[in-house]
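As C-alpha cells, the structure follows; a few thoughts come after it.
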Amino acid sequence: MTRVYAIASAALIGALVLGVGISVYLGQAQRSASADPFGQCRGSVVAGGAGQIGGPFTLVSETGETVTDADVITEPTLLYFGYTFCPDVCPLDTVRNAEAVDIMEADGYSVRPVFVSVDPERDTPEVVQSFTENIHPRMLGLTGTPEQTDAAARAYRVYYRINREGDDPYYLVDHSAFTYLVLPGHGFVEFFNRETTPQQMAERAECFLNAGG
C-alpha cells in the first residue's frame with residue numbers, strides 16, 4: 001500500500017577486524033563521534049545520510065497563519081504527515097506520538113508534536129485544529145495549498161497519493177507513516193516507524209536531546 005523511499009533499518013555493528021590495535025580503534029571511534037554527535041543514538045540508517053531528509057517549508061497553521069519551518073521548529077519536534085479523515089493509521093500514530101511527548105515531559109524534556117496534512121482539500125485549518133485538539137493540547141496542526149503540501153512532503157521524502165474517483169468525499173489517501181525527530185539548529189536527526197512504542201520513542205529521542213546539548 002505504501003512505498004517507502006530509500007530509508008533502511010540500521011545494520012548490526014560488525015565485529016572488529018582481528019589484529020586492529022586498541023589505539024587505532026579508539027582513534028577511529030573518536031573521529032566517528034566527532035563526525036556524527038548523534039551516532040550513539042541512531043536506531044536507523046538513511047541512504048545518503050540524515051542530510052537527505054528535511055528542509056525549508058511554508059505551510060498554513062491551524063489558526064490560519066502562514067508559517068515556515070523556522071516558525072515551527074523552535075524546539076525539539078516530532079513531525080508526522082497524515083490526514084484527519086484517516087480511518088486508523090493516523091489516529092494511532094499521533095496518539096502514540098502524544099504519549100511519547102508526555103513521557104518526555106515527565107522526564108523534564110519539552111518536545112512539540114506536529115501534524116502535517118497531506119489532504120489539503122478537506123483539511124482546512126479549522127478541521128486540522130479540531131483534530132489536534134483531540135490528540136494533545138500542544139500539538140500543532142499544519143495544512144496548506146496542494147503546492148505547499150507537495151513541497152513539504154518532498155523535503156521529508158514522504159510518499160502520498162490521493163485515491164479519489166469523481167466527487168467521492170470519502171476518498172482515502174495512501175501515505176508513508178514515519179514520525180520525524182527534528183531539532184533546532186540540526187534539522188532532521190531520526191525517524192520512527194509504526195512499530196516504535198511510546199516508551200521506545202521517548203528513550204531514543206531523549207538520547208538525541210542530550211547529545212545535541
**Prompt:** Taking Val67 and the conditions (1) surrounded by fewer than 18 Cβ atoms within 10 Å (Cβ to Cβ); (2) part of a strand (DSSP E or B); (3) free of Cβ contacts under 8 Å to residues at least 60 places away in the same chain, which numbered condition does it fall short on, given that it satisfies the others?
**Reply:** (3)
**Scope segment 90-139; condition farther than 20 Å from Phe188 by Cβ, within 17 Å of the chain's Cα centre (by Cα) and small (Gly, Ala, Ser); matching residues** = Ala98
**Item:** Scan of segment 178-192 for residues that are crowded, with 20+ Cβ neighbours inside 10 Å and not acidic (Asp, Glu), ordered by number
**Value:** Phe178, Thr179, Tyr180, Leu181, Val182, Leu183, Phe188, Val189, Phe191, Phe192
**Request:** Please enumerate the residues belonging to segment 77-97 that are of a type in the set (A, V, I, L, M, F, W, C), surrounded by fewer than 24 Cβ atoms within 10 Å (Cβ to Cβ) and in contact with a helix residue (DSSP H, G or I) (Cβ under 8 Å, 6 or more places away or on another chain).
**Result:** Val95
**Message:** Of all residues being part of a loop (DSSP other than H, G, I, E, B) and out of contact with any Ser or Thr (no Cβ under 9 Å at 6 or more places or on another chain) in segment 165-177, which is surrounded by the most Cβ atoms within 10 Å (Cβ to Cβ)? Just the residue, please.
**Reply:** Tyr171
**Prompt:** Going through segment 100-137 one residue at a time, which ones are touching a helix residue (DSSP H, G or I) at 6+ places or on another chain (Cβ under 7 Å), of a type outside the set (Phe, Trp, Tyr) and surrounded by fewer than 17 Cβ atoms within 10 Å (Cβ to Cβ)?
**Reply:** Asp107
**Complete:** Here the residues within segment 154-169 that are touching a residue at least 40 places away in the same chain (Cβ under 8 Å) and among the basic types (Lys, Arg) are Arg157
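Quick note: the coordinates plus some simple rules give every number you see, no bench work behind them. None of these values were measured; they are calculated from a predicted model. Backbone-built Cβ (ideal geometry, glycine too); neighbour counts: all protein chains shown.
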